[in-house]
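What follows is a short report on a single structure.
The values are calculated or read from the model by the stated rules, or taken from the named source; none is laboratory data. Worth saying up front: this structure is predicted, and the values here are computed from it rather than measured. When we count neighbours, we look across all protein chains shown, and the Cβ atoms used for this are built from the backbone with ideal geometry, even at glycine. Heads up: the accessible areas ignore ligands, DNA and RNA and are worked out on the full protein's heavy atoms, side chains in. Shrake-Rupley method; radii C 1.70, N 1.55, O 1.52, S 1.80 Å.
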Amino acid sequence: MEKNYKRTLVTCALPYANGPVHIGHLAGVYVPADIYVRYLRMRGEDVLYVCGSDEHGVPITIKARQQGCTPQDIVDKYHKIIKDSFTGLGINFDIYGRTSSEVHSKNASEFFRKLYDEGKFITKESEQYYDPEAKTFLADRYIVGTCPKCGAEGAYGDQCEKCGSTLSPEELINPKSKLSGAEPIKKKTSHWYLPLDQYESWLSEWILEGHKEWRSNVYGQCKSWIDGGLQPRAVSRDLDWGVPVPVEGAEGKVLYVWFDAPIGYISNTQELLPQSWERWWKSEDTKLVHFIGKDNIVFHCIVFPSMLKAYGDGYILPDNVPSNEFLNLEGDKISTSRNWAVWAHEYLEQFPGKEDVMRYVLTANAPETKDNDFSWKDFQTRNNSELVAIFGNFVNRAIVLTHKYFDGKVPARGELLDVDRETLAEIPVLRASLEKNIEGYHFREALKDAMSIARVGNKYISDTEPWKVAKTDMARTATILNVCIQICADLAIAFEPFTPFAAEKLRKMLGVCICAGIDHRKGEQETVNTYKEGEGAAIHTVSAAAPMEASSCPGFGKCVCLNWNMLGNTDILSEGHEIGAAELLFAKIEDEAIQAQLDRLDAIRAEREAAAKAEAARQVAPQKAECSFEDFEKMDIRTATVLEAERVPKTDKLLKLSIDTGIDKRTIVSGIAEYYAPEDIVGKQICILANLAPRKIRGIESKGMILMARQGDGKMRFITPQEVLNNGAEIG
């Protein structure tokens, strides 16, 4: 039986402050979390929404070195960009903190020290990679080489970004230091480890027996780790950026980012609620939900819970850890290093007023059970064919017709026909499904439920045709539009979690507002703690510092205040309620805007391919086995001139060349048609191996071989004398 909690703590994976957030991050973590939080708040539930920047990762120090600045410069820059991007998309955390804060540094140090003092760590000496030129130990991300799984160059010591394989530095082929390019060596160092193997039995009981309801990707990955046998995991690193290890003899060592970062959730809560944070982290009445990406599963389900278990002191464990798979972009894996991404801050600049469209599309394509793909054409289609043509079209017609026939006032409802009753009866059914899906973390299906309400309304107004009925029966027209306006109010509630900007716009058109869990029409006096002031006059929530009574709502006595429990009611807006003028909820996205995005990606792809070719061209084939001087002397290499050239029929690569060797005139067949056109090489002096045994190629006797130079990228060119020589001149 599911436990009844008094409050819900929702955390989102802390994004690295070494770059902006992209649509993969949004789809995987932040949009689904925001949907969940908005839904709970509309139900009047007590919710705390926590996130912040992870500012101690190795990628941050790499970025700082690349840009010639300090790590603090990097995190300051990207913390603001990321925070502004979230706000721009309507993702409003109660606190968006930083792991570089003094509160967090103190907290993380104390956490480590308690476990250290209680003997919860083990110390291990091991050989770690060391850069002999930079004179520093190398974190896995500072080591690059060839991926042993797919052969891609530039794979990191912990992961190949091309194939996604998890790696170790030992597996890389030809590993190099990212700092100096030197070949790393092994050097002894000591670190502290959390012995996860000691928590294996407990984790197995807690997860494998106690949380079979978790998503299959989360449960399956946890089971794989546990069944494979857990190993001690390092909690410190040889670095100069991070929270210093707070014990003697630990100079030059910091807390490993995956020990440090999850404590940030606790630190951020303490910063926001210094007096009452413990009831969110140490009360069995609190439901803890971590929203993460699949690359964070092991840390949030195995490492962090083991840390909390080791620490003790009543810390609660997550009730659920909803994790999505990866989102691809136009059929290719999103990669920050290759700039193959749609960046949130750039999207907000390029598509002003389209915040909801991205939220909608990312939810509709959410990679909940498997990797999914984002395409700009699908983005355009969903906006134009769903948001504009279904949701927006229905609302616009309903409000425009109400103004046309009833001066913008909700008309009286007369006798209901079967079509009216059947239509209204569909909404509670969809509400039940919508609730079940959101509470089960199936946000893609929940969005379908919300859009189905719009489809119901769109079909109803099309089938009943009030613009035609108005010519003969105004009472019937009034009933139809009354039903339509009630459905509009349903949409203002149902879409608040998914498209909050459009929902607010619709509420303003309808002359209503939202008060979480409070129906001001009944004069209820409950208070609701949501820990944030509402954004805009149409949303009335309550701050933790000063909970307000219902009657103090700015809209009290002036407007209808909606809450989730009103969804599906048939009389949300009473007769005579005045609504505002119709405004377009969504605008069509034209082909030009989409083509601009596709052109940008094409340019990135072309630049990437050019860079790959240039890198391949720089690769030099390994030296062949030794040969003796006598072997070399056997080769008769001479200058020659091409007299005639033509393609060999029915072949793509072969050219038939007639050449003057100075000794004779002979024919050589060569596979160079993809590099030279026949007319371009007539008269060109080349070098040939004159004494190669003749052989027939496509029925043509070929006497000799043309000498060519081949680059790593496959490009081939003639070997020619620096100045024209007599044909037959010997080369040696």
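Tabulated values for the structure
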| item | result |
| --- | --- |
| Qualifying residues in the stretch 686-704 (those that are open to solvent by less than 20 Å² (accessible area, probe 1.4 Å) and not hydroxyl-bearing (S, T, Y)) - the one farthest from the chain's Cα centre (by Cα) | A690 |
| Matching residues in the stretch 358-367 - criterion: being touching a strand residue (DSSP E or B) at 6+ places or on another chain (Cβ under 8 Å) and open to solvent by 10 Å² or more (accessible area, probe 1.4 Å) | N365 |
| Total residues in the stretch 100-117, condition more than 17 Å from H191 (Cα to Cα) and open to solvent by 50 Å² or more (accessible area, probe 1.4 Å) | 4 |
| Qualifying residue in the stretch 215-237 (condition: closer than 21 Å to N324 by Cα and among the aliphatic types (A, V, I, L, M)) | yes |
| Given (1) open to solvent by less than 60 Å² (accessible area, probe 1.4 Å); (2) of a type in the set (D, E); (3) under 21 Å from Y193 (Cβ atoms), number of the condition E127 does not satisfy | (1) |
| Pick from the stretch 651-675, criterion part of a loop (DSSP other than H, G, I, E, B) and in contact (Cβ under 8 Å) with a residue 40 or more places away in the chain, ranking: surrounded by the fewest Cβ atoms within 10 Å (Cβ to Cβ) | I663 |
| Test: K634 is touching a strand residue (DSSP E or B) at 6+ places or on another chain (Cβ under 7 Å), more than 29 Å from A617 (Cβ to Cβ), basic (K, R) and open to solvent by 70 Å² or more (accessible area, probe 1.4 Å) | no |
| Test: residue in the stretch 135-157 that is touching a helix residue (DSSP H, G or I) at 6+ places or on another chain (Cβ under 7 Å) and under 30 Å from Y360 (Cβ atoms) | no |
| Any hit, the stretch 396-411, residues being among the basic types (K, R), under 28 Å from the mean Cα position of the chain (by Cα) and either closer than 30 Å to E609 by Cβ or not in a helix (DSSP H, G or I) (or both) | no |
| In the stretch 169-194, the residues that are of a type in the set (S, T, Y) and either open to solvent by 40 Å² or more (accessible area, probe 1.4 Å) or within 21 Å of the chain's Cα centre (by Cα) (or both) | S180, S190 |
| Qualifying residue in the stretch 34-42 (condition: open to solvent by less than 10 Å² (accessible area, probe 1.4 Å), touching a residue at least 24 places away in the same chain (Cβ under 8 Å) and either of a type in the set (F, W, Y) or at positive phi (or both)) | yes |
| Matching residues in the stretch 246-281 - criterion: being in contact with a helix residue (DSSP H, G or I) (Cβ under 8 Å, 6 or more places away or on another chain), open to solvent by less than 10 Å² (accessible area, probe 1.4 Å) and either in a loop (DSSP other than H, G, I, E, B) or among the polar types (S, T, N, Q) (or both) | S267, N268, T269 |
| Some residue of the stretch 334-357 being in contact (Cβ under 8 Å) with a residue 40 or more places away in the chain, assigned to a helix (DSSP H, G or I), open to solvent by less than 40 Å² (accessible area, probe 1.4 Å) and under 30 Å from D463 (Cα atoms) | yes |
| Y142 vs. criteria of a type in the set (F, W, Y), open to solvent by less than 40 Å² (accessible area, probe 1.4 Å), more than 22 Å from T123 (Cβ to Cβ) and in contact (Cβ under 8 Å) with a residue 40 or more places away in the chain | yes |
| Single unsatisfied condition, Y78 versus (1) modelled with pLDDT of 95 or more; (2) surrounded by fewer than 21 Cβ atoms within 10 Å (Cβ to Cβ); (3) under 19 Å from the mean Cα position of the chain (by Cα); (4) farther than 30 Å from E439 by Cβ | (2) |
| Near pairs, Cβ below 6 angstrom, 6+ apart or cross-chain, from the stretch 279-290 (in contact (Cβ under 8 Å) with a residue 12 or more places away in the chain) to any residue that is surrounded by fewer than 20 Cβ atoms within 10 Å (Cβ to Cβ) and part of a strand (DSSP E or B) | W280/T286; T286/R7; V289/N320 |
| Residue count, the stretch 705-719 (criterion: closer than 23 Å to D631 by Cα, free of Cβ contacts under 8 Å to residues at least 60 places away in the same chain and surrounded by 12 or more Cβ atoms within 10 Å (Cβ to Cβ)) | 4 |
| Positions within the stretch 407-440 being closer than 17 Å to S462 by Cα and surrounded by fewer than 13 Cβ atoms within 10 Å (Cβ to Cβ), in sequence order | D418, R421, E422 |
| Residues (farther than 28 Å from A611 by Cα and not in a helix (DSSP H, G or I)) located in the stretch 358-387 | N365, A366, P367, E368, T369, K370 |
| The stretch 55-89 - residue that is touching a residue at least 24 places away in the same chain (Cβ under 8 Å) and among the hydroxyl-bearing types (S, T, Y) and, of those, nearest to L255 (Cα to Cα) | T61 |
| Members of the stretch 2-15 found to be in a strand (DSSP E or B) and crowded, with 24+ Cβ neighbours inside 10 Å, listed by number | L9, T11, C12 |
| Qualifying positions in the stretch 284-308 - touching a Lys or Arg at 6+ places or on another chain (Cβ under 8 Å) and either surrounded by fewer than 19 Cβ atoms within 10 Å (Cβ to Cβ) or in a strand (DSSP E or B) (or both) | D285, T286, K287 |
| Any pair with Cβ under 8 angstrom, 6 or more apart, that starts in the stretch 218-230 at a residue that is loosely packed, with under 12 Cβ neighbours inside 10 Å and ends at one that is assigned to a helix (DSSP H, G or I) and not small (G, A, S) | G229/D197; G229/E200 |
| Hey, Y199 of a type in the set (S, T, Y), closer than 24 Å to I292 by Cα and in contact (Cβ under 8 Å) with a residue 40 or more places away in the chain or not | yes |
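Conditions tested, residue by residue: (1) more than 22 Å from F259 (Cβ to Cβ); (2) modelled with pLDDT of 95 or more; (3) among the polar types (S, T, N, Q).
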| position | (1), (2), (3) |
| --- | --- |
| I62 | no, no, no |
| S85 | yes, yes, yes |
| A108 | no, yes, no |
| R113 | no, yes, no |
| T136 | no, no, yes |
| P148 | yes, no, no |
| E153 | yes, no, no |
| D158 | no, no, no |
